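These notes are about the structure you will find just below.
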Amino acid sequence: MEGYGYFIIVAIVAVFFAVQSFRSRKAEKARLWKDICDGFGQVPDREYSYPEFERISHFHKFMMDKHPKTERVDDITWNDLDMDSVYLLCNNTYSSVGEEYLYHMLRTPKKENELKKFDKMTTWFEEHEEDAKQMQVKFSKLGRTKTISLYDFIHRLGDLKTKSNLPHYLSIITFFVSAGLLLTVPSIGILAFIAVIAFNVVSYYRSKGEIENYFICFRYLVSIIICSKGISESLDDEFKEYKNEIDEINDSLKSLKKGLFVLSDSIDGSIVEILMDYIRMLFHVDIIKFNSMLSKTMSHIMDVDKLYSLIGTIESAIAVASFRKCMTTKHGYVSRPMFDNTSIHISFDDMYHPLIDNAVCNSISERKGVLLTGSNASGKSTFLKSTAINVILARTIYTTLSRTMKMCEFRIFSSMALADDLENNESYYIVEIKALKRIVDAAAIDTPMICFVDEVLRGTNTVERIAASSEILNSISGKNVLCFAATHDIELTHILEKTYSNYHFEENVVNDDVQFNYKLNTGRATTRNAIKLLKVIGYKDEIIKKATDRAGRFVDTGSWC
């Protein structure tokens, strides 16, 4: 009777924990669904550490190494335009696959036919928001690998030596032998049993420690395989091509899915999972499974790559649908670009910068280079960055932040937010002319290119700057290149007026207050307010007067003295 009492107590405890586990899971699902519903079409608020951001970029770097001739947004241009922040604005993803693939997508321009294929899925998710949210629930089950790049480790599996499972099988045998001794010869068996348990646990963690990062990625890969089936089943019949490809790959990878429960790394605290943790430590079943999966995975690495891209594309489409809704809510509209490669040109109406609230919109239509003048803070750099970002978004996710945008399928380069390279002991001027040289070299390729240059050769003296700048800008203003350049040197607007159209931004100083409207105007800048701005900031009147007199004297005589 007393034994039954213990049994009842154990049963009650087990039921209690089971109920708690069920309630915890239910509450977590409710929180997740609320987060997904509240977050769709909003600015993502997830913060990333530097190691996480570094991990996200690894898939792109791997793909670029694998396909070196692929068109890309290079590092200088990406950093010039603060594209990391633009990426975060788009990144309404819930898995490592989605966030890594979206990053790669934003850095690899595509041809119109590929973009339209992606847009078809994105548009479907825009129109079926509930289905998009339900799909995000499935991606959330994949989760993120934090600072570990799945692709780094999956493609390094070939470097691992296949190890025999014999020692792990022996650990299982010795456990049961010691358990048998415990029942038959207790005095010897208890010592043997304790020793075997200790040995098995220590050897388990030693073996697992050698492959821990690979192990994490294996578990994630397994989750992708399992999750992909549910994603395929949830796809609309309109996307049979994706469904069929995912299903075919799942069939080829089915041998990897056998006994997958032993690789689980759940932290839900359920009794079953706690029990599985002890089983793994004592019998090494997850390590045995890892060793058996190693060679199988390498033989199917192309299927793994393809599945990764398919799943990444689908979640990226959901993220872009959310981004479009977010931008439409904040700014009133987004659009899809129109591509026309019959001539070099770009035109857009009411284009805005995605990172600026209440952004001022601008429009332009040009078939030759653009030279921007105007004072500091008047809007030149922001206009350049807005245009460049919109060209990238048009060519990567088929989205423009404008009412209309028509252009060639441009390659994109910039030279804007540069700095001294202390690591390589290079001055600002050296860094700048190297950045410009890559643009000059790219301009020699006979495919459409658009480039953005902010303050050409600002790192040197006025005379040489104007002389060199005019020749560099002339050299890249060819039949296949549109160059947008900002400058303070009014002289360039005269030297280059045959090859560049002049535009300017202006401001007014009223009652010691600077007023900018950030609107693009045709023609060169006609006002100089730099000295007036000194007064606004609070410089002494004596400095303001002397500076004004010196500037006037130079304009009248051509001499500073």
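A short reminder: the numbers here are calculations on the coordinates, not readings from a lab. Every value quoted in this text rests on a predicted model; they were computed, and no experiment measured them. Here Cβ is always computed from backbone atoms with ideal geometry, including for glycine, and neighbour counts include all displayed protein chains.
Just to be sure, is Thr313 without any contact (Cβ under 8 Å) to a residue 24 or more places away in the chain and within 17 Å of Glu112 (Cα to Cα)?
no
If I ask for residues that are touching a helix residue (DSSP H, G or I) at 6+ places or on another chain (Cβ under 9 Å) and outside any loop (DSSP other than H, G, I, E, B), which ones from the stretch 36-51 would you list?
Ile36, Cys37, Gly39
Got a number for residues in the stretch 441-471 being among the β-branched types (Val, Ile, Thr) and touching a Leu at 6+ places or on another chain (Cβ under 6 Å)?
Keep residues of the stretch 441-471 that are among the β-branched types (Val, Ile, Thr), which gives 445, 447, 450, 453, 456, 460, 462-463, 466.
Pick out the ones that are also touching a Leu at 6+ places or on another chain (Cβ under 6 Å) and you get 450.
Selection size over the stretch 441-471: 1.
Restricting attention to the stretch 294-343, which residues are in contact with a strand residue (DSSP E or B) (Cβ under 6 Å, 6 or more places away or on another chain) and crowded, with 17+ Cβ neighbours inside 10 Å?
Scanning the stretch 294-343 gives Ser335, Pro337.
Just one of Val19, Val97, Val86 is on the phi < 0 side of the Ramachandran plot, surrounded by fewer than 13 Cβ atoms within 10 Å (Cβ to Cβ) and in a helix (DSSP H, G or I); which is it?
Working: Val97 fails: surrounded by fewer than 13 Cβ atoms within 10 Å (Cβ to Cβ); Val86 fails: surrounded by fewer than 13 Cβ atoms within 10 Å (Cβ to Cβ).
Every option except Val19 fails the conditions.
Go through (1) touching a strand residue (DSSP E or B) at 6+ places or on another chain (Cβ under 7 Å); (2) without any contact (Cβ under 8 Å) to a residue 24 or more places away in the chain and name the single condition Val73 misses.
So Val73 meets the others, but not (2).
For Ser232, are the conditions met, namely being assigned to a helix (DSSP H, G or I) and closer than 30 Å to Phe118 by Cβ? Give the derivation first.
Values: assigned to a helix (DSSP H, G or I): yes; closer than 30 Å to Phe118 by Cβ: yes.
In short, yes.
Can you tell which of Ala198, Ala192 is surrounded by fewer than 13 Cβ atoms within 10 Å (Cβ to Cβ) and in a helix (DSSP H, G or I)?
Values: Ala192 fails: surrounded by fewer than 13 Cβ atoms within 10 Å (Cβ to Cβ).
It is Ala198.
Looking only at the stretch 356-407, count how many residues are surrounded by 24 or more Cβ atoms within 10 Å (Cβ to Cβ), among the aliphatic types (A, V, I, L, M) and assigned to a loop (DSSP other than H, G, I, E, B).
So the answer is 1.
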